[in-house]
Amino acid sequence: MSRERPHRDGGPAGADGAGPVTADSRPRPRGWSGNLRDYALEVRGSVRDGERGPLLVIAGLIVIWIVFQALDDKFLSPRNLSNLSVEIVGTGLVAVGIVFVLLIREIDLSVGSVSGLAGAAFAVLNVNQGVPEWLAVIVAVAVGMAVGAFHGFFFAWLGVPAFVVTLAGLLIWNGLTLYLLGASGTINIDEEGLVASLTSRHFGDDLAAYAVAALGTAGYFLAAHRKRSRHRAAGMPYRQTPEIWVRTGVLAAVSFTAAYTLNRFQGLPFALLIFLTVLVVSDYVLRRTRYGRRVYALGGGVEAARRAGIGVERVRVAMFMVSGTLAAFGGLFVASGLTSASPTTARAAGSGMLLINAIAAAVIGGTSLFGGRGSPWSVLLGVLVIQSIASGMGLLGVEDAVQFMITGGVLLAAVAADALTRRTEARRGRP
Amino acid sequence: MVAHPPVLALRGISKRFGGVQALVDVDLQVRAGEVVALAGDNGAGKSTLVKAISGVSPADRGIIEWEGRLVQIKRPHDAHALGIATVYQDLAMCDNLDVVGNLFLGREIDRVGVLDEVEMERRARDLMRALSISIPDVRIPVAALSAGQRQAVAISRSLMGAPKVLLLDEPTAALGVEQTSHLLDLIEEVRDHGMAIILISHNMGDIKAVADRVAVLRLGRNNGLFDVSTVTQEQIISAVTGAADNAVAHRVKGDEEAWP
Ligand SMILES: Nc1ncnc2c1ncn2[C@@H]1O[C@H](COP(=O)(O)OP(=O)(O)O)[C@@H](O)[C@H]1O
Ligand SMILES: [Mg+2]
């Protein structure tokens, strides 16, 4: 939750010094006219705390991309990157649900099975029972929500440890999925339908991708600028204009490059747009609303939250409902990618690959297993790492057995890094 | 003065944890503008009593009167609503949240659910300044603060809603000499503004310095109520240790070193 701000030295009152500048008591640099070296120090200061983790992951991602590109020059092709941006969405949505649960220091092991259940429920309802597609989608997502409420009830009100409840859930919902599909076997979903279009539809017009990039950049800039003005008006420390410009510039460079790349294939994928929307909304709820504050509070100290009058049980149930809902939503993307729901994929969902990928994505991106630290945006980075490895190994034709070992190893490394971070922070007096 | 009913009166409070009878028929009263010290050995039930009043862990039996009228305190929310603020022995803070987040936890300033961080930060700074609490920044996680700073933040949080009754559970335990005297000054100041304070302390010096009366708990029962201006340290200590079974003994025994 700590906001990374380089300036801790009071309000604008401190800015009028004109005397000799020393490292510790220098006046606030004003725009680019300030000493550039000072500014570099400021940036480094702001990077040091909250952003070191993400920067490391970005570095790791770049290394992964370079290595796979060296091994197979199709890896960084617009086609492969565009496919990657669609493939991350199923796992990514599930992982966002996991983030909500991890933030309150719990775990949901059932998400893989729940996503399989949602895909099967949709296929059975729509294809076998003739229920309209939109209604089948709503029911499938509602099933995920109900399953989450069920887990939450056992955990929050009956006090069964969450990992046991959701471990039982993993088996129960996988069993239910196989049962649902048992009568019909593999169900192929309508390739022209709504669910299929979740992963197949692209906005072919170049403008779409650029518009999203521009909107995201402008939105970031305006939010940062508004925050700065409000802090300044209130006489409180605020982020410097050049720093805002640099951040905006980096964001613009990344998002416009991504848009350009996507446009060189089929344009902005519908799936990616949905994923980004979910990230923006969930980040806003967690970071900016009263409700989100409660979620973080639970992760930082359940007893403290309870004594502050927070309805701990309700928040807990709600988090499992979010996790179930997003797992189901993610499951529809998985079914969409396969354009089918089948016992084979259901068994695969129950085997935990999706679960492990989702947890790994959340943790790699910097969401802590120890609660109270992390954000939905961490998933974007994490799932890119996970899915890049999977995609690269797929291109190289690496067999499943090896992929399992590597994915497991990556998860272990991410969790170990999380534990180490926690230890060093504890030593420095940070959570 | 005499006509005022106590702002908070407890009668016959009992609480059991499984096999442990933590409180038995405890009575306690506190008036506006009064500091009542609550003394007792470790495990006497002081923190349990605090949690019963603050709604964290309601009593099994007993009556709570607020300004002369019967009230129910079943949840922390009920206590907040009445105007009871508490600084718990363990401080009850969320380590991952920053100082602002902890100060406003459970009563955030918002507009239709969206946090007003700027206003909260501004008030937090004002509060820190008004109480002359020095912390590095209101935006660092409380886990990064020293024990004394955390204590100070917890106390300022309790004062934020302008409560009528303040419960302080061993607030000086983690403080140095200077911080303790700062806190005692603060207690006197809010007392002079008409707040009623229940101060749990092991320290006879603190009790003598700010309390008007001392209530002693022993093994979950009332074991004496003294006027600080007339009681001797030894009398309090013998009530605490059980050398005296009520507030009548005058044995001169034990000294401050006997206190943990
Ligand atoms: N949550 C609890 N569960 C079980 N026993 C408890 C609990 N809280 C307190 N007790 C017991 O109640 C008694 C009083 O404890 P406490 O109120 O913390 O004492 P004090 O604060 O006076 O040192 C002790 O015997 C303690 O072990
Ligand atoms: Mg205690």
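Is the shape of the range B:174-217 rounded, prolate or oblate, going by the alpha carbon gyration tensor and its root eigenvalues a ≥ b ≥ c, with a/c under 1.5 for rounded and a/b larger than b/c for prolate?
It comes out oblate by the Cα gyration axes.
Would you mind giving the total buried accessible surface between chains A and B, with a 1.4 Å probe and ligands, DNA and RNA left out, rounded to the nearest 100 Å²? Working shown, then result.
Working: alone 20940 and 12660 Å², together 30540 Å².
Looking at A and B, the buried total is near 3100 Å².
What is the range A:291-334 by shape, rounded, prolate or oblate, if you read a ≥ b ≥ c off the alpha carbon gyration tensor as root eigenvalues and call it rounded for a/c under 1.5, prolate for a/b larger than b/c, and oblate otherwise?
On the way: a/c = 3.99, a/b = 3.10, b/c = 1.29.
Because a/c hits 1.5 or more and a/b exceeds b/c, the range A:291-334 counts as prolate.
Give me the percent relative contact order of the range A:108-265, please, defined on Cα pairs under 8 angstrom at least 6 residues apart.
25
Measuring from label point to label point, each 7 Å out along Cα→Cβ, what is the B:Ile109 to A:Val131 span in nm?
Distance between the two pseudo-spin positions: 4.8 nm.
Can you give me the distance in nm between label points at A:Ala413 and A:Ile58, each placed 7 Å from the Cα along the Cα-to-Cβ direction?
2.0
Please report, in debye to the nearest 20, how large the charge dipole of the protein assembly as shown is about its Cα centre when each Lys and Arg carries +1 at its beta carbon and each Asp and Glu carries -1 there.
Using only the charged Cβ atoms, the result is roughly 640 debye.
I'm checking a number: the convex hull volume of the Cα atoms of the range B:78-161, normalised per residue, in Å³. What is it?
97
State the percentage of accessible surface on the protein assembly as shown attributable to carbon and sulfur atoms; use a 1.4 Å probe and exclude ligands, DNA and RNA.
Carbon with sulfur: 60 percent of the solvent-accessible area.
By DSSP, what percent of the beta bridges with both residues in the protein assembly as shown are antiparallel, rounded to the nearest 5?
If I count the DSSP bridges inside the protein assembly as shown, around 60 percent turn out antiparallel.
Can you tell me, using C-alpha contacts under 8 Å and at least 6 residues apart, the relative contact order of chain B as a whole percent?
On the way: 489 pairs, mean separation 63.9, N = 260.
For chain B, the relative contact order is 25 percent.
Across all directions of projection, what mean area in square nanometres is found for the Cα convex hull of the protein assembly as shown?
36.0
How large, in Å, is the range A:123-220 by the Kirkwood hydrodynamic radius built from its alpha-carbon pairs?
16.9
Can you pull out the trypsin sites (Lys or Arg not before Pro) in the range B:1-87 whose DSSP state is coil and whose Cβ has at most 15 other Cβ atoms within 10 Å? Walk me through the numbers before you get to the answer.
Working: sites: B:Arg11, B:Lys15, B:Arg16, B:Arg31, B:Lys46, B:Lys51, B:Arg61, B:Arg69, B:Lys74; in loops: B:Arg31, B:Lys74.
Those that pass, being in a loop and sparsely packed, are B:Lys74.
Do any residues of the range A:299-319 lose at least 40 Å² of accessible area when the full set of protein chains is present rather than just their chain alone, and if so which, with a 1.4 Å probe?
A:Gly300, A:Ala304, A:Arg307, A:Ala308
Rounded to the nearest 0.05, what FRET efficiency do B:Asp212 and B:Ala81 give with R0 = 25 Å and r taken as the Cβ-Cβ distance? Could you check?
That pair, B:Asp212 with B:Ala81, gives E of 0.40.
Only four residue types carry charge here, +1 at the Cβ of Lys and Arg and -1 at the Cβ of Asp and Glu. Report the dipole size of the range B:1-56 about the Cα centre in Debye, rounded to the nearest 20.
180
Using the Cα centre of the range A:182-289 as origin and beta-carbon charges of +1 (Lys, Arg) and -1 (Asp, Glu), tell me which of A:Tyr260, A:Ile274, A:Tyr238 is placed farthest towards the positive end of the dipole.
A:Tyr238
Which longest run of chain A has no exposed loop site in it, a site being trypsin sites (Lys or Arg not before Pro) in a DSSP loop with at most 12 other beta carbons within 10 Å, and the site itself not part of the run?
Within chain A, the longest run free of exposed trypsin sites (Lys or Arg not before Pro) spans A:75-427.
Give me the net charge of A:Ala304's neighbourhood, meaning all other residues with Cβ under 13 Å from the Cβ of A:Ala304; Lys, Arg count +1, Asp, Glu -1.
Summing Lys/Arg as +1 and Asp/Glu as -1 gives +4.
Can you give me the three principal axis dimensions of the range A:345-431 from its C-alpha atoms, in Å, biggest first?
Over the range A:345-431, Cα extents along the principal axes are 46, 24, 20 Å.
Local charge sum around A:Leu332 (other residues, Cβ-Cβ under 14 Å, Lys/Arg +1, Asp/Glu -1)?
After counting each charged neighbour, the total is -1.
What is the Cα centroid distance between the range A:104-128 and the range B:110-180, reported in whole angstrom?
The range A:104-128 and the range B:110-180 have Cα centres spaced 45 Å from each other.
Based on alpha-carbon centroids, what's the gap between the range A:171-249 and the range A:136-162 in Å, whole number please?
25
Does the range A:278-431 come out rounded, prolate or oblate, given a ≥ b ≥ c as the square roots of the eigenvalues of its C-alpha gyration tensor, rounded meaning a/c under 1.5 and, failing that, prolate meaning a/b above b/c?
Oblate, since a/c reaches 1.5 and b/c is not below a/b.
Where in the range A:224-240 does accessible area fall by at least 20 Å² between the isolated chain and the complete protein assembly, at a 1.4 Å probe radius?
Residues losing area: A:Arg230, A:His231, A:Ala234, A:Met236, A:Pro237.
Using the per-residue mean of other Cβ atoms lying within 10 Å as a proxy for protection, in what order, highest first, do the peptides B:206-218, B:159-171 fall?
Listed from highest to lowest mean packing, they are B:206-218, B:159-171.
Counting only heavy atoms of the protein chains, get the accessible area per residue of chain B (1.4 Å probe) and round it to a whole Å² value. Write down the numbers at each step before the final one.
Details: 11170 Å² over 260 residues.
Counting only protein heavy atoms, the per-residue value for chain B is 43 Å².
Relative contact order for chain A: what percent, with Cα pairs under 8 Å and sequence separation of 6 or more? Mind dumping the intermediate values first?
Values: 658 pairs, mean separation 131.7, N = 431.
Value for chain A: 31 percent.
Could you compute the longest span of chain A free of GluC sites (Glu not before Pro) located in DSSP loops and having at most 16 other Cβ atoms within 10 Å, not counting the site residues?
A:193-398
The values are calculated or read from the model by the stated rules, or taken from the named source; none is laboratory data. What you see is a predicted model; the values in this text were computed from it and never measured. Cβ atoms come from the backbone with ideal geometry, glycine included; neighbour counts cover every protein chain shown. When the accessible area is computed, the model is the full protein with side chains, heavy atoms only, and any ligands, DNA or RNA have been set aside. Shrake-Rupley method; radii C 1.70, N 1.55, O 1.52, S 1.80 Å.
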